[in-house]
Amino acid sequence: MENVFSRGAVAASLLLALLPLSAQAKVSPEEAAKLGIDGTELTPAGAVRAGNADGTIPAWSGGLPQKDVPKGQWLDDPYADDKPLFTITAQNYQKYADKLTIGQKAMFERHPGYKMNIYPTRRSHSNKKYIYEAAIANASRAELTETRWDYKHAINTWAFPIPKDGYEAVLNFATKPFPSVFRWNNTTVVTSNGDFQTTKITEEFVTDWSKEGMNPDEFTGDKDIGYFLQSVVAPAKVAGSVILIHILFHWDQHDMIAWSYNPGQRRVRRAPQIRYDNPKTGADGLATSDQLGMYGGKIDRYNWKLVGKKEIYIPYNSYKLHTDKVKIADIIQKEHINQDLARYELHRVWQVEGDLLPDTSHIYKKRVFFMDEDSWQIVLMDHYDKRDQLWRFSEGHALNHYDIQHTAPTADVHYDLQSGRYLVIGLDNEDAPPDYTFTATADRYSPDRLRGEGVR
């Protein structure tokens with residue numbers, strides 16, 4: 001496969017390869033021993049097991065246990081009886097400023113009606129035992145490659161539970177558990193006056209990355225591929241458009257390959273534009289291709305700095321948004337989503353900053369990620385433009401799919417702080433919950449079969 005790098009990225013890779021090899025080393029046996037399923041200082045994900053000194057963050061005790069849920073049935077809210085402890089508003093947010101991000105503060109300043117209902121902290125994240133065991137093993141064997149934007153000797157889950165730099169931290173998000181799934185991933189664009197339009201989208205994602213029994217050194221070649229198929233169902237003017245992506249887990253070895261099918265032209269074409277800062281499908285310019293799932297794609301255009309860990313109010317346990325009891329019209333409001341349906345909790349997060357490398361290009365000059373320490377899920381993002389001005393702010397409203405013990409956002413919300421518009425990705429309330437029993441073979445994801453997926 002063709003490996004595509006900009007001249008700037010190549011230059012950056014040569015520079016970074018000259019950095020001390022200690023930046024690429026595995027953790028020591030003493031550090032790795034801090035990880036464990038029970039009784040250790042750190043959880044398998046590398047989170048601090050203990051609560052905080054104030055008692056406002058509890059100790060992690062394993063998260064939500066697995067509970068069978070019939071296919072097609074929505075998850076019950078395990079915390080439905082919780083009541084807000086307090087509410088942060090435009091009038092009082094300064095009182096809580098030390099536990100808010102710059103993007104959150106900007107929302108209060110730009111939108112006087114924006115609020116955050118703060119609930120008791122529930123460390124609900126959980127995974128299956130083999131995922132935990134893989135994470136613990138990864139800590140002792142995984143390494144950064146010479147470029148620092150790829151990894152080796154990891155499988156199933158987070159490559160670097162005890163990260164040493166920003167590259168390892170970002171790659172933890174990229175390597176978090178990924179189950180195969182069929183889902184509705186509708187995209188809703190909201191204007192500054194509150195009008196909205198939804199592009200109805202289905203997605204299939206098939207991968208062996210988190211399959212039990214995988215060996216990291218065997219996860220190469222054809223196995224090193226996740227198949228992503230996106231189909232537009234409505235509105236009629238764009239229905240039948242299809243995107244197919246072969247997603248590679250090891251970016252140093254080969255690049256992502258994408259194809260698109262346009263029903264008007266009835267042709268399948270290579271789609272090299274579905275990457276980096278090219279517009280995301282149905283987003284009307286409010287999100288880039290690499291904002292799929294909060295952040296999806298190669299990390300080679302940024303210098304990633306690990307700022308550290310802090311306590312922040314983040315969207316979490318967002319079961320009120322993941323239900324057929326509310327409709328899209330109940331969620332969408334002028335300037336922001338219905339914040340009475342959003343739930344925020346105090347959690348420890350990893351903060352990582354990405355600064356655009358010289359001689360590369362992206363519409364975001366700087367990106368700041370806040371990742372939940374228990375799951376490595378990105379829950380908040382601040383995006384800066386070329387003038388170093390805060391441009392966009394993103395929230396990933398996450399929850400634990402306790403039927404398969406997997407934490408993922410039910411809605412990604414991207415606010416444009418300059419235009420007053422916003423975008424919601426992932427609302428499936430009017431369709432069906434994600435199907436994590438979905439399976440398909442690789443031959444389904446051949447570009448030769450793409451035309452047959454389109455609706456004419």
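Quick note: the coordinates plus some simple rules give every number you see, no bench work behind them. Computed from a prediction, not measured in an experiment: that's the story for all the values here. With ideal geometry, Cβ positions are generated from the backbone for all residues, glycine too; neighbour counts draw on all protein chains shown.
Taking a point 7 Å out from the Cα of residue 284 in the direction of its Cβ, the residues of segment 185-218 whose backbone N falls within less than 11 Å of it are 188-199.
Local charge sum around residue 290 (other residues, Cβ-Cβ under 12 Å, Lys/Arg +1, Asp/Glu -1)? Walk me through the intermediate numbers first.
Numbers: positive: 275, 280, 298, 301, 367; negative: 277, 300.
Around residue 290, the charge tally is +3.
If I stretch the segment between residue 215 and residue 419 completely, what's the gain in nm (0.36 nm per residue apart, minus their alpha carbon distance), one decimal?
Values: separation 204, 0.36 × 204 = 73.44 nm, distance 4.76 nm.
Between residue 215 and residue 419, full extension yields an extra 68.7 nm.
Treating r as the C-beta distance of residue 59 and residue 389 and R0 as 41 Å, the FRET efficiency rounds to 0.55.
Given a cut-off of 28 Å, what percent of all Cα-Cα pairs of segment 70-210 lie beyond it?
Numbers: 4932 of 9870 pairs.
Within segment 70-210, distances greater than 28 Å cover 50 percent of Cα pairs.
Sorting the segments 45-55, 240-250 by their residues' average number of neighbouring beta-carbon atoms within 10 angstrom, most packed first, yields 240-250, 45-55.
Pairs with C-alpha atoms separated by more than 20 Å, drawn from the list 152/298; 176/298; 26/366, are 26/366. Relative to the current alpha-carbon distance between residue 324 and residue 234, full extension at 0.36 nm per residue lengthens the span by 30.4 nm.
Each of the peptides 71-84, 388-401, 141-154 was scored by the mean count of other Cβ atoms within 10 Å over its residues; in descending order, highest first, they stand as 388-401, 141-154, 71-84. Extension gain, residue 83 to residue 69: 0.36 nm times the residue separation minus the Cα-Cα distance gives 2.5 nm. Per-peptide packing, taken as the mean over residues of other Cβ atoms within 10 Å, places 424-432, 209-217, 164-172 in the sequence 164-172, 424-432, 209-217 from highest down.
Each label point was placed 7 Å from the Cα along the Cα-to-Cβ direction; for residue 41 and residue 273 their separation is 5.1 nm. Counting only DSSP H runs of at least 4 residues, each contributing -39500 (n - 2.57), and dividing by the residue count of the chain, the helix-based mean residue ellipticity at 222 nm comes to -3000 deg cm²/dmol.
Shape verdict for the chain, please, from the Cα gyration tensor: rounded (a/c under 1.5), prolate (a/b greater than b/c) or oblate. Write down the numbers at each step before the final one.
On the way: a/c = 1.24, a/b = 1.01, b/c = 1.23.
Rounded, since a/c falls under 1.5.
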